[in-house]
Amino acid sequence: MKALCRPLRRLFLLLPVLVALKGMGQTPPVTTVAEVRWSDAGWGPDNDRNLVGRFTSQTFTIPRLARVQNCYLRQYDASNPPKFSRYTAALHVDYPL
């Protein structure tokens, strides 16, 4: 019975911290950087051919070039040279007319 209660006790200790952060209007800090490209190729600081941008915030703006657009995101860290994630996220944007 004690082993079953331990994870629940940890959860109940974590919840007040998250509620306190939410109540103060704070969010956990973001330490990653995202590189956004028009195609899933050419990742890295040396290639700017299909680069949309490199963003450090949780929100970013992409230029509207067509009604339907696809772009790809990959996170990397601040090391030199940067270490890119091996996983890519696809973003499909369908603008209304």
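The values are calculated or read from the model by the stated rules, or taken from the named source; none is laboratory data. Every value quoted in this text rests on a predicted model; they were computed, and no experiment measured them. Neighbour counts run over all protein chains shown; Cβ positions are idealised from the backbone, glycine included.
For the stretch 26-34, check the following and say yes or no: at least one residue is assigned to a loop (DSSP other than H, G, I, E, B), closer than 30 Å to residue 97 by Cβ, of a type outside the set (Lys, Arg) and modelled with pLDDT under 90. No, there is no match, as no residue in the stretch 26-34 is assigned to a loop (DSSP other than H, G, I, E, B), closer than 30 Å to residue 97 by Cβ, of a type outside the set (Lys, Arg) and modelled with pLDDT under 90. Looking at the stretch 58-76, can you tell me whether even one residue there is of a type in the set (S, T, N, Q), over 18 Å from the mean Cα position of the chain (by Cα) and at pLDDT below 90? The answer is no, given that none of the residues of the stretch 58-76 is of a type in the set (S, T, N, Q), over 18 Å from the mean Cα position of the chain (by Cα) and at pLDDT below 90.
The set of residues in the stretch 67-97 that are part of a loop (DSSP other than H, G, I, E, B), over 13 Å from residue 36 (Cα atoms) and touching a residue at least 24 places away in the same chain (Cβ under 8 Å) comprises 67, 77, 78, 81, 82, 95, 97.
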